[in-house]
1. Across region 303-312, which residue is nearest to residue 138 (Cα to Cα) among those that are surrounded by fewer than 17 Cβ atoms within 10 Å (Cβ to Cβ) and of a type outside the set (S, T, N, Q)?
2. Only residues that are touching a Leu at 6+ places or on another chain (Cβ under 6 Å) and closer than 21 Å to residue 110 by Cα: list them for region 281-294, please.
3. Can you list residue pairs whose Cβ atoms sit under 7 Å apart, with the first residue in region 158-178 being in the same structural domain as residue 188 (by TED's automatic domain parsing) and the second being among the hydroxyl-bearing types (Ser, Thr, Tyr)? Count only pairs 6 or more apart in sequence or on different chains.
4. Is there a residue in region 305-317 that is without any contact (Cβ under 8 Å) to a residue 24 or more places away in the chain and closer than 18 Å to residue 218 by Cα?
5. Would you say residue 220 is crowded, with 17+ Cβ neighbours inside 10 Å and closer than 30 Å to residue 282 by Cβ?
6. Of the numbered conditions (1) outside any helix (DSSP H, G or I); (2) hydrophobic (A, V, I, L, M, F, W, C); (3) not assigned by TED's automatic domain parsing to the domain that holds residue 137, residue 210 satisfies every one except a single condition; which is it?
7. For residue 228, indicate whether it is basic (Lys, Arg), more than 30 Å from residue 180 (Cα to Cα) and either surrounded by fewer than 14 Cβ atoms within 10 Å (Cβ to Cβ) or not assigned by TED's automatic domain parsing to the domain that holds residue 140 (or both).
8. Scanning region 187-199 for residues that are part of a strand (DSSP E or B) and touching a Phe, Trp or Tyr at 6+ places or on another chain (Cβ under 7 Å), which turns out surrounded by the most Cβ atoms within 10 Å (Cβ to Cβ)?
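The values are calculated or read from the model by the stated rules, or taken from the named source; none is laboratory data. Predicted model, so just to flag it, every value in this text is computed and none were measured. Quick reminder, even Gly has a Cβ in these numbers, built from the backbone with ideal geometry, and neighbours come from all protein chains shown.
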Amino acid sequence: MAIFRCNKCSHLQEQLDSLLGETIACPKCGQAAPVYGTIFFIGRLLDKYFDAQRTIARLKTPPAGEPSHPSATAEALLPLDEIDFSNTDHFASELQHGPIYDWFRRKQITVQANMRSVDTTGFFDEVAISIGSNLPVLKEVLERIRWAQQKEYASTTIHFKNKSAAEVRDISAFCQQLYDFSFVAKCFHNRHENNVRLVLQTAPAICDFFNGEWLEWYALMSCLQYTKERKKRFSCARNLTITLPNEQSYELDVFMLIDGDQPICVECKTGEFRQNIDKYLTLRKRLGIPGKNFIMCVTGLSAEHAKGLSSMYDLSFSNEQDLPAGLARLF
């Protein structure tokens, strides 16, 4: 159903979809007003609501030099360089996402943010950094866990035969980290059988993490580290859903807005990516983001291959290991 709202008496009423876009007289006071689509009306209503929330939050924040209100959290008032980026819910707020909402609104694009996706008080970011920093060695562990979860197996075994002592050490330490942070239910180190057996968790968030979401966390933390080292002002988002005026929707894996007007978008791929190139080229142009700032992070892509693709397409290609260095070259 469509929605009619009178700007004079505030009368609200559902209307038939056939009246969508037409101007009709208010049944209550006779004032003429347009009939809106439900999604459009709710989107504008939410925009106003979030604008009001951000205004209230800004008004509650005391000016520099004045004491904070007792109800304000200490972390909310700390400078960014004093916040532990790997253990904070500071970014999971409407206020933090505000500049991103405003940036997309200026382009007539509606936005829906998942606040929990940038809450680093859990352990997703720590495990993601471990993976991204040593993927060639840990890739087999990820693939075995993901495959076993898809098959609904209760456990999986990582064999150490033909692995170097350094690889065995790194894999064992990683499996222990998975257990310590409850990404697996149990971890058995079998020295006599030269393997480690993992009893798996079945929680959807854990399955999604091993199914590729770990790379989004790694990309987010790489972006946060980049901004922190350079003391940049920023807003960050992960799993950001945007809807264009033509109702076409996209999900952006990682989106950062530097200094209020410089966007960075990172799309993360742990599998086949070639069929998505045209899609992201079109999206990049629609958003008006420079090619060097729209990054396709593809695991296992060689540096030479990434360089070649970047020269062919107006996008920036990278693997997980070179992502931090690629971010450092942006500004």
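1. 303
2. Within region 281-294, 294 is the sole residue that qualifies.
3. If the second residue must be among the hydroxyl-bearing types (Ser, Thr, Tyr), the pairs left are 174/130; 177/130.
4. yes
5. yes
6. In the conditions (1) outside any helix (DSSP H, G or I); (2) hydrophobic (A, V, I, L, M, F, W, C); (3) not assigned by TED's automatic domain parsing to the domain that holds residue 137, residue 210 misses (1) alone.
7. Taking the combined requirement at face value, the residue does not satisfy it.
8. Only one residue fits best here, namely 196.
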